Every structure is written in structure tokens, then in C-alpha cells.
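The values are calculated or read from the model by the stated rules, or taken from the named source; none is laboratory data. Values in this document were obtained by computation on a predicted structure and should not be read as measured data. We place every Cβ from the backbone using ideal geometry, glycine too, and count neighbours over all the protein chains shown. The accessibility values were calculated without ligands, DNA or RNA, using every heavy atom of the protein model including side chains. Shrake-Rupley method; radii C 1.70, N 1.55, O 1.52, S 1.80 Å.
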Amino acid sequence: MKHAGRTLAIALCAAVAMQGLCGCTTRGEMCVEQETDPIVLSFFMPMGEQKNEGSNVFLKLIDQYNASHDDVQIQVEGLSIKDGYNEVLEKRLASGQGDDLFAINADSVKSFAASGYLCDLADLPACSRLYPAAREQAEIDGLVYTIPLTMAAYGMYVNTDLLEKYGLDPPDDYPSWMHCCQVLKENGVTPFAVNRWYAMTVPVMARGLYKLYQSDRYDELAKGLNDGSIPVGNYMLEGFQLFEEFLEQGYYGDDLTREGVDSIPACTTDLQAFQEQTVAFAFFSTGVEKYFDDEGEGMPYQAQGVPALPDGAVCLPSIADRLCVNANSNHLKEALEVAEYMSDATAAELLTDGGGALPSREGQEGMPMGAEHMQKLLPLVNREGQIPIEDMNLHFTYWDTTRTLCLEMIDGLSAEEAAEKYNAIQLEQIGRYEGG
């Protein structure tokens, strides 16, 4: 590892071929073989202990690259998000001895860009083929910090059989959603699966931000949000009020604690509860099907948008795989060549068997895993008015801030207090952003 201290990362796959290359030097009539060790690039990425969690597009492409290249090899290390991936990655990069390539989460992009860690990838050929939604989330202040290999969308997964049991249809809008929750709870059914991330951020952001992203004045409003003249709490209050109601009504279950919720990684007990049909709704990203156990693969469900609008639903599109190059890499030329290889790879295979990912650029084909269940979600992904999990046009963050404030609400913070606290965070982050 490249940093001192507690050894957290785990070395994975992508074994480095250290036997070297053979060359030939002529000395008179003799040919003397020379060995040259390959350049070894380090790649740091999130990992987990769940079935299939490490079998993602990065590992597939790294295996292909290492098998077809002798002069450069990629060594992979990983760490789970819950074990501090974001913090460890930042320390590695801040040390000046950071990884050549890495994957980054949405909530770290702005701070990493401000710190000069992200190399501009605008010259890579794949950049010109990005779909608008992908390009929008891949660029910050003119810097193309990533070439997204694939996209995803967060929506609401619905146990259709369980709803039918109580005479309910999958909700299409906010009033029908709240009606479903009330009927389910009255019949002893917990409406929502809970976890430390999506279960809170997705519905709260959907309800809190839809008015911003469905407005024809977005550019004007974004300017006001960036200079602080429009408090973000003016929007997010409605989302926090939704969450407050969920807590008060026991829609996530009873007797929740902040520590208890914060200890539940996504796609663990929440997925189990969904598959066992003890909850009606769960919030997942497209591709969660790769975590279904054998018993759950044939279960009746549908994936749809979050019915947070008065007359409809919305989803949260996101880059699924943010491939980044360290601007301070000692092997920048080779790292960029690897990034070009990975971002130009044929994607049909990755989309069909890479965990349910969606295309990010022209030339990608294939339907995501579980597509037959996503007929109400997929049409939303590229429709105007959807909510990015992190808006790169804004000078403050969404995803992690929303999560943290929701956890504080479990501890007793009111919706109004959460909105006011978000306003203070907004101003503080704007100040840091403008201060460079």
C-alpha cells in the first residue's frame, strides 16, 4: 500500500505479471536478452463482501487489460464504503503518493476537484460520445473529471403481490403513495425497507428537489442557490417533512435509532426484507437484481420512479462507475492510456451482464439486468426534470448532506431544524468553494 497506518485495503484480482519483458542488444555477434519490468499502476476502488459486489465493470476491464498488455499492468486495491473508502482515498491522494487511477463517489467530486486531484479527461475519444445526462454529471466547471463507463438510476422497487393482497395498486403519485403507506401500516405491514443510504436520500431528495428540477427557471434558481440568495432549505423542507412523517408513522419500522440505521449497509437487510415481502417498498439503484438470491430472482416486483410529485414520479439518475485519473500521477501518460482503453471498450457485454448498468454514451447497446421489471423506470431516466444525486453545477453537496441530516432527524432533529441546518451547510460549502 502507498500509505502508512492501519492496513484497510484488500488486494484483489489483476495479478501483476512481474516476470518482465525480453529485449535484445547486439554486442558484436552476440544477442543478449534484457528484462524490463512492467510499469505497475495502482487502482483504488470500492469493494464489499456481498455476492457479486466486486464483479463490476472495472474488474472485468482490468482483467482484460492485464491479459493483453505486458508493458503496463494494473494492481487493484479496494475497501468498502462503510469501512471508510472515501476518507482513505482522500488521505492517499493528499499524501502525494496517491493511486494512479481510482473510482470516486459523487459526494467527493467537488472537494477533489478543488484540491487538484482530478485529471481532465476531455481529450479522451469517449468523451465526445457521452449522452447529455452523463456529460452533465461528468463535468464540473469545464473539467471532465470522469468518463462514466455506465449510468444508473435510483428509483422505488415495489412488491406488487404484497400490494395486491391489500387491494392496492403501485402508486403513481404522492397522494396514492401516502394512501398505500397508511393502508399497509394499518394492516401491520412496514411500508419501507431501511438502510443507511438510499432509503433516506432517495425519497427525501425526490420530494425536496422536484420543484427545482422541473422548473423552467432552473438556471436562474441555480445561480441563486450558488450565491446563497436562495436557501436550499426552501426546497428541502418538503423532503424533510416527508421523512419526519415516515418516522412518526413508523413507516420504516418502530424504535429506530441513529446508530442502528447507520449500521445497515444498502442491499443487505433491506434487500432481504424486500425479497421476503415483509416490506412493500425499497429504494435501490438499477441493477440491484444482481444481489437477489436464487429464491428472489422470480419474485413479482416492479421498479418505478419515486412517486413524490403531486401528479407523477421522478428518478435520480447517477453515474454508476466514475473512472478517474490522478492529476498528480507519476505515470500520467500510462494512466491516461488505461483510461482510454477502459472507456473505449465494447460495452454490450458490460450492460447485459455487468449488474444492470445503463448506457452512458453512443455506441453502447444492450438492456440492463431486470429490464423486464423496469418498464415504468427506464423511460424516466433521460426525461427532463429528473434529479441528479449530485448537481455538478452547484457549489454545495446533496447526497451525503441529506443522509447526515436524516440521521440527525432520527435522533430528534425536526424537519424545520434540518432545513435551517442545511442552509448553514450550503453557505459554509459555498464559502469554501469560492475560496478555492
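Yes/no matrix, rows are residues, columns are (1) over 21 Å from LEU427 (Cα atoms); (2) buried (at least 23 other Cβ atoms within 10 Å of the Cβ); (3) touching a Ser or Thr at 6+ places or on another chain (Cβ under 7 Å):
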| residue | (1), (2), (3) |
| --- | --- |
| ASP161 | yes, no, no |
| ASP173 | yes, no, no |
| LYS185 | yes, no, no |
| LEU209 | no, yes, no |
| PHE243 | yes, yes, no |
| GLN249 | yes, no, no |
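Would you kindly identify the helices (runs of 4 or more DSSP H) lying entirely within the stretch 116-234 that contain at least 1 residues that are touching a strand residue (DSSP E or B) at 6+ places or on another chain (Cβ under 9 Å) and touching a residue at least 12 places away in the same chain (Cβ under 8 Å)?
Values: elements: 132-138, 160-165, 174-186, 198-213, 218-227.
Once the helices (runs of 4 or more DSSP H) in the stretch 116-234 are filtered for at least 1 residues that are touching a strand residue (DSSP E or B) at 6+ places or on another chain (Cβ under 9 Å) and touching a residue at least 12 places away in the same chain (Cβ under 8 Å), what remains is 132-138, 160-165, 174-186, 198-213.
Out of SER68, SER128, SER108, SER55, report the one residue that is at pLDDT below 95, open to solvent by 10 Å² or more (accessible area, probe 1.4 Å), touching a Gly at 6+ places or on another chain (Cβ under 9 Å) and among the hydroxyl-bearing types (Ser, Thr, Tyr).
Step by step, each of SER68, SER128, SER108, SER55 is checked, and only SER55 is at pLDDT below 95, open to solvent by 10 Å² or more (accessible area, probe 1.4 Å), touching a Gly at 6+ places or on another chain (Cβ under 9 Å) and among the hydroxyl-bearing types (Ser, Thr, Tyr).
For the stretch 420-436, how many residues meet the condition of being touching an Asp or Glu at 6+ places or on another chain (Cβ under 9 Å) and closer than 17 Å to PHE243 by Cβ?
Total meeting the criteria: 1.
Considering only residues that are farther than 19 Å from ASN330 by Cα and either open to solvent by 50 Å² or more (accessible area, probe 1.4 Å) or part of a helix (DSSP H, G or I) (or both), which ones fall in the stretch 71-99?
ILE81, LYS82, ASP83, TYR85, ASN86, GLU87, VAL88
Among the helices (runs of 4 or more DSSP H) contained in the stretch 332-436, which hold 3 or more residues that are under 18 Å from the mean Cα position of the chain (by Cα) and either surrounded by fewer than 18 Cβ atoms within 10 Å (Cβ to Cβ) or modelled with pLDDT of 85 or more (or both)? Show your work before the answer.
Numbers: elements: 332-343, 348-353, 378-381, 399-410, 415-434.
Result: 378-381, 399-410.
What are the residues in the stretch 83-98 that are out of contact with any Asp or Glu (no Cβ under 9 Å at 6 or more places or on another chain) and closer than 24 Å to THR286 by Cβ, if any?
Selection gives TYR85 alone.
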